[in-house]
Amino acid sequence: MDPRIEEHAQILLDWSTDVRSGDDVVIAAGAEARELIVALHRELGSRGANPTTLYTSGEATRAHLRAHDDEFTLPEHILALYEACDVAIHVRSDSNLAALNDVPGKRLAERSRVHKPIIEERLSKRWCLTQHPTNAHAQAADLPLGAYRDFVYGAILRDWDAVEEYQAELRQRLEEASTVRVVAGETDIRMSVEGMHAINSAGRHNMPSGEVFTAPVPDSVEGTVLFDKPLIHQGREMEGVRLRFEDGEVIESSAERNEEALDDLLDTDAGARRLGELGIGTNREIDRFTKNMLFDEKMGETVHLALGRAYDANVGEGREGNDSAVHVDMILDTSAGRIEFDGEVIQEGGRFVWE
């Protein structure tokens, strides 16, 4: 076994989820991640924790969704599993990133709505989302598998204490800010974050990480944004996505590629037309776009905005966060733009003013 896999497992259990003796741990992963699953089970055994692994497969999900011609119902047995567990680790390890491409978008959206309680339960635990390098993800990144492995482990095997300390200044400034404006190319978008909480994301829930994020006040978002990086949602890739917001809601939308998929996303529910997250990427170890949001949204000199659900940890007392069955991140490059907090420039040309 590549020793980096064992290091990856240790980081997930020590830093990301703080697994303790007696913890019940659910791991969701595909067959491609079998070595990481073995490493996790070994580590969990040495710590006196109790693992169970759920098999995930895009092809299996496709088979079910295409055969399912009735209304979806909540799978209570899966909900019960997450209700009973202490820790949930989800490993991206797809063998085919296009497995769901011929599943109707409305069916995917309906399933997302019905499965929402499962997502909420999982997010209430000590949880982490991570990546195991596979040929499918390497191909999407336009890299040989060996080079992609180096990229993945270069982003994951880091000093996360140091990352957390580096991001502390940005977190404090965003926590104290009332308004945020992002200007970059065709993008000029403004929003209130007053009363919301900024999170220093340094590998506790996403591995890798490297971002500071908050939730906008749902009805405060105004302006236009062009996402200059592709957006991939449930295996469907959209490019050149443009959104115009008024009173917090998307009132105009277009995409240069796969606009129908964008329409399906926006029609998931009322909250899918509002923003649930504003994130600022800081991880300059992630130096290339790989069509994998777990990495791409953390790139330094980028901002990402998420349509849909706001995380509870971002919503301040007495404030209301956006509610939705989806949470879909979209990226824009700010290396030639600027970010302002309360009218003060805090990043310009990709560099923070205190650097």
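The values are calculated or read from the model by the stated rules, or taken from the named source; none is laboratory data. No experiment lies behind these values; they were computed from the predicted model shown. Cβ placement follows ideal geometry from the backbone for every residue including glycine, while neighbour counts extend to all protein chains displayed.
Yes or no: segment 317-330 includes at least one residue that is among the acidic types (Asp, Glu), surrounded by 20 or more Cβ atoms within 10 Å (Cβ to Cβ), assigned to a helix (DSSP H, G or I) and within 16 Å of the chain's Cα centre (by Cα).
From segment 317-330, those among the acidic types (Asp, Glu) are 317, 320, 323, 329; that's our starting set.
Then keep just the ones that are surrounded by 20 or more Cβ atoms within 10 Å (Cβ to Cβ); that gives 329.
From what's left, assigned to a helix (DSSP H, G or I): none.
No; the residues of segment 317-330 include none that is among the acidic types (Asp, Glu), surrounded by 20 or more Cβ atoms within 10 Å (Cβ to Cβ), assigned to a helix (DSSP H, G or I) and within 16 Å of the chain's Cα centre (by Cα).
Here's a check for you: in segment 331-355, which residue that is part of a loop (DSSP other than H, G, I, E, B) and not hydrophobic (A, V, I, L, M, F, W, C) is surrounded by the most Cβ atoms within 10 Å (Cβ to Cβ)?
Checking each candidate, the answer is Thr334.
Would you mention how many residues in segment 165-177 are surrounded by fewer than 18 Cβ atoms within 10 Å (Cβ to Cβ) and closer than 17 Å to Ile286 by Cβ?
1
Looking at the structure I just gave you, is Arg173 touching a Phe, Trp or Tyr at 6+ places or on another chain (Cβ under 8 Å), basic (Lys, Arg), under 23 Å from Thr214 (Cα atoms) and in contact (Cβ under 8 Å) with a residue 12 or more places away in the chain?
yes
Quick check: is even one residue across segment 133-150 in the same structural domain as Arg66 (by TED's automatic domain parsing), closer than 27 Å to Gly308 by Cα and hydroxyl-bearing (Ser, Thr, Tyr)?
no
Could you count how many residues in segment 176-200 are without any contact (Cβ under 8 Å) to a residue 40 or more places away in the chain and within 20 Å of the chain's Cα centre (by Cα)?
Total satisfying the criteria: 1.
When Asp69 is evaluated against the numbered criteria (1) assigned to a helix (DSSP H, G or I); (2) without any contact (Cβ under 8 Å) to a residue 24 or more places away in the chain; (3) farther than 22 Å from Lys125 by Cβ, which criterion, by number, is the only one it fails?
(1)
All but one of (1) within 16 Å of Ala184 (Cα to Cα); (2) modelled with pLDDT of 95 or more hold for Asn322; state the number of the condition that does not hold.
Against the list (1) within 16 Å of Ala184 (Cα to Cα); (2) modelled with pLDDT of 95 or more, Asn322 comes up short only on (1).
Of the residues in segment 289-312, how many are more than 19 Å from Val180 (Cα to Cα) and either surrounded by fewer than 21 Cβ atoms within 10 Å (Cβ to Cβ) or not charged (D, E, K, R) (or both)?
Result for segment 289-312: 9.
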